[in-house]
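Accompanying notes for the structure given below.
The values are calculated or read from the model by the stated rules, or taken from the named source; none is laboratory data. On a predicted model such as this, the values are computed, not experimentally measured, just so you know. Note that we place each Cβ from the backbone using ideal geometry, even for glycine, and neighbour counts take in every protein chain shown. To get the accessible areas, we keep the full protein, side chains included, count just its heavy atoms, and leave off ligands, DNA and RNA. Shrake-Rupley method; radii C 1.70, N 1.55, O 1.52, S 1.80 Å.
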Amino acid sequence: MRDDERLRARLGERLREAGCLCTAPWRAAVEAVPRHEFLRGGFFEQLPGTLPTAWRPVLPDGGGRWLERCYADESLVTQVAGTVVPGDIRGEIMRAPTSSSTMPSLVVRMLEELRVEDGHRVLEIGTGTGYSTALLCHRLGDGSVVSVEVDREVSGRAAAPLGACGYQPELVVGDGLAGHRDGAPYDRVIATCGVLTMPGSWIDQTKPGGIVLATVGGWLYASELARLSVHGDGTASGRFLGGQISFMLARPHLPPPLGLLPDLGSGEERRTTLGPNLLTGDWTARFVAQLAVPRAQHISMTIEGRTQQILIDVEAGAWAVLTEADGGWTVRQGGPVRLWDAVEAQVARWRADGAPALDRFEITVTPDEGQVIRWPGGRRSRG
Ligand SMILES: C[S@@+](CC[C@H](N)C(=O)[O-])C[C@H]1O[C@@H](n2cnc3c(N)ncnc32)[C@H](O)[C@@H]1O
């Protein structure tokens, strides 16, 4: 047995033991598709202890246990800053990841959650390296798979290993938020980039009874995997599946630049009982807060030795600054809307309803209202 075959079999076994690889057809796909072929261009590894994160390249011929790492249960970053690939640099780079091969346990968990059946047509959003596309091709046949990637270079790089493995899915370059009408209708839509709101196009292009699976998140970076069933009346509804899943956001859903900071010394100050742990810790509370202020971004700043947690909604021109004072917290807010007031009210309602976990929330998408998220007993929240 070759090294890569042995590593692949071991990965399949580990994913099965971990409970994310549950069915024989997906196990066969994991054992057949050579992930390393989709990572021949190398990947970036994180330098420990760096903030912002520094990345250095790991290349197939450069040591660094490239082959073993290709079969570890790790997400492997393959592009940073929108254009830079591992072969481009020698040293280190400190820029945000923009494409990756998702960690295999998450890839297979999502494929299992997609509940495909023989003969299904699938639309994938976010081709990336092409590894998950290849798994879909192995399971369903390449004639049943369409994969959309926004980045032409990334899509082009995925085509080569797909072809070398004998798969010829339809690869489309474009904004996957529009779906791919020419190939519709689909039985399943799966997104391997996150979204703020589920695009109506995905619902429109899915057959009644079909499924849309994607991670819904926001700019406070709490997100969750949602599975929606599509109904005959053009609406869709479903649940979050749990597990605190996060993905890089679809490029059109990335937050705008912060620009010039407002005068954070202006506005009105008061005490608040809700501390910034909400923004830095508790995942579900942060998700709930994000529903109340969907366009707000969070930054931390240290001024004169005191750390401040800041929420800014660039479009609305609104902001809130939390500062530690006398063992408690104050909030100073400015702009046309009071961001922290909205967060406090939303979190209070959620707590009054028993602080339900995310896997009890419902998500619906309708042509009239767009996406609506609600927890059991809770009022409706656009998100
Ligand atoms: C996590 S990676 C995909 C992982 C991939 N499925 C794999 O197995 O390698 C997310 C990808 O989504 C792509 N992407 C981001 N926004 C997109 C959009 N609006 N439409 C299509 N693809 C998008 C990114 O360029 C990136 O390649």
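A few notes on this one:
- Principal axis extents of the Cα atoms in the range 1-142, from largest to smallest and rounded to whole angstrom, are 46, 34, 25.
- Per residue, the convex hull spanned by the alpha carbons of the range 172-266 comes to 126 Å³.
- Nonlocal amide H pairs with Phe361, under 5 Å, H built at 1.01 Å: Phe240
- Taking N as its residue count, the alpha carbon Rg of the range 268-352 over 2.2 N^0.38 Å: 1.01
- Tail weight of P(r) past 38 Å, computed on alpha-carbon pairs of the chain, percent: 23 percent
- Coupling constants for the range 137-146 follow from the phi torsions by the Karplus curve (6.51 cos²θ - 1.76 cosθ + 1.60, θ = phi - 60°), and in residue order they are 4, 4, 6, 10, x, 5, x, 9, 10, 10 Hz; glycine and proline get x.
- Derived scalar couplings ³J(HN,Hα) [the range 15-23; Karplus, 6.51 cos²θ - 1.76 cosθ + 1.60; whole Hz; x for Gly, Pro]: 5, 5, 4, 6, x, 9, 10, 10, 10
- In the complete set of protein chains, residue-level accessible area for Cys137 is approximately 0 Å², probe 1.4 angstrom.
- For Gly210, the residues whose amide H sits under 5 Å from its own are Val230, ignoring neighbours fewer than 5 places away on the same chain, with H placed 1.01 Å from N.
- Accessible area per residue for the range 70-146, computed on protein heavy atoms with a 1.4 Å probe, is 36 Å².
- Karplus-derived 3J(HN,Hα) values for the range 259-270, using 6.51 cos²θ - 1.76 cosθ + 1.60 with θ = phi - 60°, are x, 5, 6, x, 6, 6, x, 8, x, 10, 10, 8 Hz; glycine and proline are entered as x.
- Hull-based mean projected area of the range 39-117, where the convex hull spans the alpha carbons, in square nanometres: 6.2 nm²
- Within the listed set Gly317, Gly141, Gly128, the residue fluctuating most in the Gaussian network model of the chain (springs between alpha-carbon atoms under 10 angstrom) is Gly317.
- Note on Met248: accessible area approximately 60 square angstrom, rounded to 10, probe 1.4 Å, nucleic acids and ligands left out.
- Note that the range 268-352 presents 45 Å² accessible area per residue, ligands and nucleic acids not counted, probe 1.4 Å.
- Contact order relative to length of the chain, as percent, for alpha carbon pairs under 8 angstrom and 6 or more apart: 10 percent
- For the chain, share of DSSP beta bridges that run antiparallel, in % to the nearest 5: 75 percent
- Thr280 - accessible surface, heavy atoms, 1.4 Å probe, Å² rounded to 10: 80 Å²
- Within the shell defined by Cβ-Cβ distances under 14 Å, the residues around Pro367 carry a net charge of -4, with Lys and Arg each +1 and Asp and Glu each -1.
- Most mobile of Ala285, Ala352, Ala158 in a GNM of the chain (Cα contacts under 10 Å): Ala352
- Protein accessible area in the chain, 1.4 Å probe - carbon and sulfur %: 49 percent
- Residues whose placed amide H lies under 5 Å from that of Ser75, excluding near-sequence neighbours: Met103
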